[in-house]
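Let me begin by presenting the structure, written as structure tokens, before commenting on it.
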Amino acid sequence: MTQTAAPVTARELVPDVTTLTEPGAGRDDPWGGVLGALEMTGVFCSTGRFSEPWGLELPPLPSVLMYHLLLAGRAVVDVEGTAHELVPGDVVLVPHGTGHRITGGADDPAVGLWEVERTVVAERYEQLRIDGGGRTATLVCGAVGFAEPGVGRLLASLPPVLSAPREGHAGAGGVRAVVEAIAQEALHPRPGTDVVTARLADVVLVHAIRGWLEADEPASGWLGALRDPALGPVLRAVHAAPGEPWTLGSLAAEARLSRSAFAERFARTVGEPPMAYVAGHRMDVAARLLRESDASVAAVARRVGYDSGPGFHRAFVRRHGSTPGAWRTATGPQSLEDVLGA
């Protein structure tokens with residue numbers, strides 16, 4: 001099925017998220033740039049009508065976020081032996097791409113994803129069905145990649161399972177409105193349903209991650225560094241100006257620490273030395289610019305602080321395993337089978 005609908009942006013669908021997803025939100029907003037990086041690519045959606053007993057076994061998907069939205073009925077998501085019961089309107093995220101089960105009841109048997117009856121609606125959108133003869137559940141499930149290579153740092157800092165805000169919590173009203181819109185698209189497919197559902201899912205994921213960020217839950221890794229009073233300003237400075245000639249001394253000055261104290265604190269919290277982080281972030285920015293702009297490779301190199309073309313080329317290959325030119329022309333996975341390697 002050919003997509004004929006014009007792409008729909010999250011801000012057109014839910015205008016109140018524009019301030020949350022605006023890239024480059026500045027050093028004053030520690031989360032604006034984080035949420036702005038959540039530009040999805042390779043969104044694969046399925047709607048499912050499952051009658052009990054039913055269950056799906058989802059394989060591990062490294063570097064991919066998976067989500068499940070329950071529209072009607074009941075479901076249990078089991079991730080690494082911990083069960084999460086869903087009620088209609090609930091959204092659960094599996095940010096690390098961990099293999100998991102989703103069933104109608106805790107004891108229901110589960111089958112592999114490719115054993116389920118399916119109808120392909122569009123290139124990245126399909127309908128699943130399991131008829132066990134009992135009570136019916138309706139779900140929207142998806143696998144999501146991200147355009148920003150560096151978003152992996154954010155995902156790695158999130159817990160194994162994340163839920164969107166429920167009724168009574170801040171942000172629940174916005175989630176409910178988006179869920180209702182997804183339900184209409186899922187239950188009544190039209191031309192462009194795959195495009196609209198993907199954009200709506202974008203908004204739900206931002207709400208879920210924002211809710212966790214605002215809950216002051218303990219954070220480690222990259223998010224822990226962003227919350228750190230000394231390291232947070234450093235990360236925001238590097239992200240705001242990746243092309244600056246950063247040195248260990250200038251980064252330590254941003255943190256208001258000695259070079260040795262800063263280097264030790266950064267490596268312990270983030271998991272890599274400061275200058276390695278700067279180099280990696282520059283290459284992630286370069287990867288995005290190569291895909292999203294018409295700037296020449298040389299211009300992109302200058303934007304991220306490289307005067308030497310060969311030096312930029314070598315650093316890019318080390319980071320992404322591809323030359324800048326090959327990266328620019330490569331296409332992402334075209335189907336869920338491509339992502340799963342099926």
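Being farther than 30 Å from Leu69 by Cα and either part of a helix (DSSP H, G or I) or modelled with pLDDT under 75 (or both) is the filter here; which residues of region 196-229 pass it?
Of everything in region 196-229, just one residue is farther than 30 Å from Leu69 by Cα and either part of a helix (DSSP H, G or I) or modelled with pLDDT under 75 (or both), namely Ala225.
Those residues that are without any contact (Cβ under 8 Å) to a residue 12 or more places away in the chain and either out of contact with any helix residue (DSSP H, G or I) (no Cβ under 9 Å at 6 or more places or on another chain) or buried (at least 16 other Cβ atoms within 10 Å of the Cβ) (or both), I need them from region 262-274; list them, please.
Matches in region 262-274: Glu264, Arg268.
Assuming Gly134 fulfils every condition listed in (1) modelled with pLDDT under 80; (2) over 21 Å from Val64 (Cβ atoms) apart from one, which condition is it?
Of (1) modelled with pLDDT under 80; (2) over 21 Å from Val64 (Cβ atoms), only one is false for Gly134: (1).
Under 7 Å between Cβ atoms, which residue pairs at least 6 apart in sequence (or on different chains) link something in region 302-319 that is closer than 13 Å to Ala286 by Cα with a partner that is small (Gly, Ala, Ser) and not in a helix (DSSP H, G or I)?
What qualifies is Arg303/Gly243; Val304/Gly243; Gly305/Gly243.
Go through region 124-150 and report how many residues are touching a Phe, Trp or Tyr at 6+ places or on another chain (Cβ under 9 Å), surrounded by 14 or more Cβ atoms within 10 Å (Cβ to Cβ) and more than 22 Å from Val161 (Cα to Cα).
Going through region 124-150 one residue at a time, the tally reaches 9.
Consider Glu254 carefully, then state whether it is surrounded by 13 or more Cβ atoms within 10 Å (Cβ to Cβ) and acidic (Asp, Glu).
Spelling it out, Glu254 is indeed surrounded by 13 or more Cβ atoms within 10 Å (Cβ to Cβ) and acidic (Asp, Glu).
Could you grab me the full set of residues in region 58-83 that are of a type outside the set (D, E, K, R), out of contact with any helix residue (DSSP H, G or I) (no Cβ under 8 Å at 6 or more places or on another chain) and closer than 19 Å to Val179 by Cα?
Correct list: Met66, His68, Leu70, Ala72, Gly73, Ala75, Val76, Val77.
Name the pairs: first residue in region 111-129 and farther than 18 Å from Pro189 by Cβ, second residue modelled with pLDDT under 85 and surrounded by 14 or more Cβ atoms within 10 Å (Cβ to Cβ), Cβ to Cβ under 8 Å, at least 6 apart or on different chains?
Hits for this filter: Leu113/Leu340.
Considering only region 277-299, I want to know if a residue exists there that is among the aromatic types (Phe, Trp, Tyr) and farther than 30 Å from Ala255 by Cα.
So far as region 277-299 goes, no, none of its residues is among the aromatic types (Phe, Trp, Tyr) and farther than 30 Å from Ala255 by Cα.
Suppose we keep only residues that are surrounded by 16 or more Cβ atoms within 10 Å (Cβ to Cβ) and over 24 Å from the mean Cα position of the chain (by Cα) within region 275-301. Which one would you say is farthest from Trp222 (Cα to Cα)?
Val297
Which one of these is closer than 29 Å to Ala286 by Cβ and either modelled with pLDDT of 90 or more or of a type outside the set (Gly, Ala, Ser) (or both): Val151, Val121?
Of the residues listed, the single one that is closer than 29 Å to Ala286 by Cβ and either modelled with pLDDT of 90 or more or of a type outside the set (Gly, Ala, Ser) (or both) is Val151.
Report, by residue number, each residue of region 53-108 that is in contact with a strand residue (DSSP E or B) (Cβ under 9 Å, 6 or more places away or on another chain) and free of Cβ contacts under 8 Å to residues at least 24 places away in the same chain.
Hits for region 53-108 are Ala83, Glu85, Leu86, Val87, Pro88.
If I go through region 65-78 residue by residue, how many of them are surrounded by fewer than 20 Cβ atoms within 10 Å (Cβ to Cβ) and aliphatic (A, V, I, L, M)?
2
The values are calculated or read from the model by the stated rules, or taken from the named source; none is laboratory data. These numbers were taken from a predicted model, which means no experiment stands behind them. As a convention, Cβ positions derive from the backbone with ideal geometry for all residues, glycine included, and neighbour counts pool all protein chains shown.
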